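What follows is calculated from the coordinates using simple rules that are stated; it is not laboratory data. These figures come from a predicted structure and were not determined experimentally. Neighbour counts run over all protein chains shown; Cβ positions are idealised from the backbone, glycine included.
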Amino acid sequence: MNDNLDCERYWDETSVEYQQVTRISLDDFHYGPLLPGESKVKALPPITKGMKCLEIGSGAGQNSIYLASLGAECLATDISGEQLKHGEELAKGLGLKLSTRRAGLDEINKEEFGTFDFIHTTWAMPFAQDQQKVIQNCAAMLNPGGHLLITTGHPIFAGEWIVLDEFEEGLFLSNYFEPPGEVRFTKDEENFVRTEQFPISTYTNWILDSGLQLTKMLELEPIQLPILSEQEIVEQTPYDSPVWRDMYKQIKNVPFVVTYIAKK
Ligand SMILES: C[S@@+](CC[C@H](N)C(=O)[O-])C[C@H]1O[C@@H](n2cnc3c(N)ncnc32)[C@H](O)[C@@H]1O
């Protein structure tokens, strides 16, 4: 598996491009590429003034900034200082308070970070060394009645998209129970990270075994990209990039992410 240094190197090098090519809204909470945001989905727990929120693997923390705009007290954590720097600038530009701290997913624990009312993470868990332990630590950090939201890679999307001929294309997944990981290289191919995905039942049981009550699961379908104008696309999804538009046929048919929401 990755160590923190692999993740830090890869993401520090990738950060500028990621933030440049991806449109991530600050006016909505995103769940994944070309998916509807919270303004449509309405799955978050009530966000109240002064509520303590923690985002792990936050990137630039656009979701945290959105929650801060609703009055929540937000801490965004990530292994990449470059990603966090971008978030600090975004929050400053809006005059919002966003606390940041550089930390690996596997390093976050109650003793050092304290407790929270809402802990959330979007597509960062696949980089962790021990995802079950991260879930256990998050569960311990929740105040009673608090919520954990994990959006992570859908195990079925770990398959390969295959074009058979001009009429038939689809997913080839050799083993659902051990979904193949992905290796991502930086442009100069000097640094790389691995991702790891798990079957839905494994993840569900990790959440339940951590003592939390699973309240919702989401397998969201993307917006109707081909029939929408540019303005409608901006209005209907908070997360978009040319790469994801090119992969629309795939994410339209196979969920790229799954979201688990659990309560303490
Ligand atoms: C695909 S990006 C998602 C960022 C953000 N959550 C979003 O939705 O835009 C994955 C993020 O996970 C962070 N990350 C990768 N490995 C990590 C680790 N071991 N500990 C903490 N963060 C990590 C990266 O730096 C990057 O910001």
Please find, within segment 133-154, the residue that is farthest from the ligand (Cβ to nearest atom) out of those that are polar (S, T, N, Q) and more than 30 Å from residue 173 (Cα to Cα). 143
Among residues of segment 77-99 being surrounded by 21 or more Cβ atoms within 10 Å (Cβ to Cβ) and more than 12 Å from the ligand (Cβ to nearest atom), the residue farthest from residue 116 (Cα to Cα) is 91
Of 25, 39, 58, the only residue that is within 11 Å of the ligand (Cβ to nearest atom), touching an Asp or Glu at 6+ places or on another chain (Cβ under 7 Å) and not charged (D, E, K, R) is 58
Within segment 12-24, residues over 14 Å from the mean Cα position of the chain (by Cα) and closer than 16 Å to residue 123 by Cα come out as 14, 15, 19, 23
Residue 74: buried (at least 19 other Cβ atoms within 10 Å of the Cβ) and touching a Cys at 6+ places or on another chain (Cβ under 7 Å), yes or no? yes
